[in-house]
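Only one structure is covered here, and it is reproduced in the block below.
The values are calculated or read from the model by the stated rules, or taken from the named source; none is laboratory data. Only a predicted model underlies this, so the values are computations on that prediction, with no experimental measurement involved. Every residue, glycine among them, receives a Cβ derived from its backbone with ideal geometry; neighbour counts consider all protein chains shown. SASA here: full protein model, heavy atoms, side chains in, ligands and nucleic acids out. Shrake-Rupley method; radii C 1.70, N 1.55, O 1.52, S 1.80 Å.
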Amino acid sequence: MFKKIIMLLLPLFVFVPSAFADEVQDVQAFFNSFVNASNTYATNIPNYYVKNAKIVRVVYKPDGTKQAVVIPFDRYLQELKKGAALARTVRYKNRYENQKVTKVGNDYKLSAIRIPRNDKSGLPAYFIITKTQNGWKIKEESMGTNVQKFLEAK
C-alpha cells in the first residue's frame, strides 16, 4: 500500500521542480528582453510593466546614509521618455550582474547588482516580476543610485 502511494506521488515531486525551473528560465528570458529593450532605447519599455508599477530609487547619500524614494509610475514614464534622446546620445546602458531569481508568493524576485554605463562597481537592484494574462510584467523595480536629484522627487 505504501509503495502505491509513493508511486502515485512521485510524479508530483518530479513535475514541481521542473515547472519551477521552467518559470525561472521564463523570468530570466523576460528580464534579458527587458534589459535589451532598455539598452536599445526601445519605445515599448512601458509594456514591460504592469499598470502603476511601483518604482523605487534608493539614493546613497554622500554622508553614507540612504533614502528610498517612490516615484509615481506616470512620472517615471514621462522622465523615461524625456531622457531617451540623451541616453541614446551618450550610449547609456545598464549591466546586471550576479542575478538571482527567487519565488516570492506567486511572483518572482530577480535581484542583481546594476552597473550603469562605464561604472566599475554597481549598486543593488531588484525587480518583482509577475505573470499576467499578457505574459510576464514588472510589478516593482528598485535600484540603488548615487544620483542625488532623485531626492527632489520625494
| query | 222 nm [θ] for the chain, helices only, -39500 (n - 2.57) per DSSP H run of 4+, per residue, to 500? | reply | -13000 deg cm²/dmol
| request: May I ask you to evaluate 6.51 cos²θ - 1.76 cosθ + 1.60, the Karplus curve with θ = phi - 60°, for each residue of segment 76-84 and list the ³J(HN,Hα) values in order in whole Hz, giving x for glycine and proline? | output: 4, 5, 4, 5, 4, 5, 5, x, 4
| Mean separation of Cα contacts under 8 Å, 6 or more apart, over the residue count of the chain: relative contact order % | 24 percent
| task | Arrange the peptides 73-82, 122-131 so that the one whose residues have, on average, the most other Cβ atoms within 10 Å appears first. | result | 122-131, 73-82
| message | Once you order the gyration tensor axes a ≥ b ≥ c over the Cα atoms, which shape class does segment 48-112 get: rounded for a/c under 1.5, otherwise prolate or oblate by comparing a/b with b/c? | response | rounded
| query | Under the Karplus relation 6.51 cos²θ - 1.76 cosθ + 1.60, θ = phi - 60°, what is the ordered set of whole-Hz ³J(HN,Hα) values for segment 135-148, x standing for Gly and Pro? | reply | x, 6, 9, 8, 9, 8, 10, 9, 9, x, 8, 9, 6, 6
| Which residue, S121, S142, S33, tops the fluctuation ranking in a GNM of the chain built on C-alpha contacts under 10 Å? | S121
| query | If the viscosity is 1.567 mPa s and the temperature 4 °C, what translational diffusion coefficient in µm²/s does Stokes-Einstein give for the chain when Rh comes from Kirkwood over Cα pairs? | reply | 75 µm²/s
| task | Quick one: which residues, 5+ away or cross-chain, put their amide H under 5 Å from the amide H of K93? H built at 1.01 Å from N. | result | R117
| remark: Flagged as over-length at 23 Å C-alpha distance, from K103/K149; K81/K120; K54/K109; K61/K139; K54/K103, the pairs are K103/K149; K81/K120; K61/K139
| field | the chain, accessible surface, carbon-and-sulfur percent (1.4 angstrom probe) | value | 58 percent
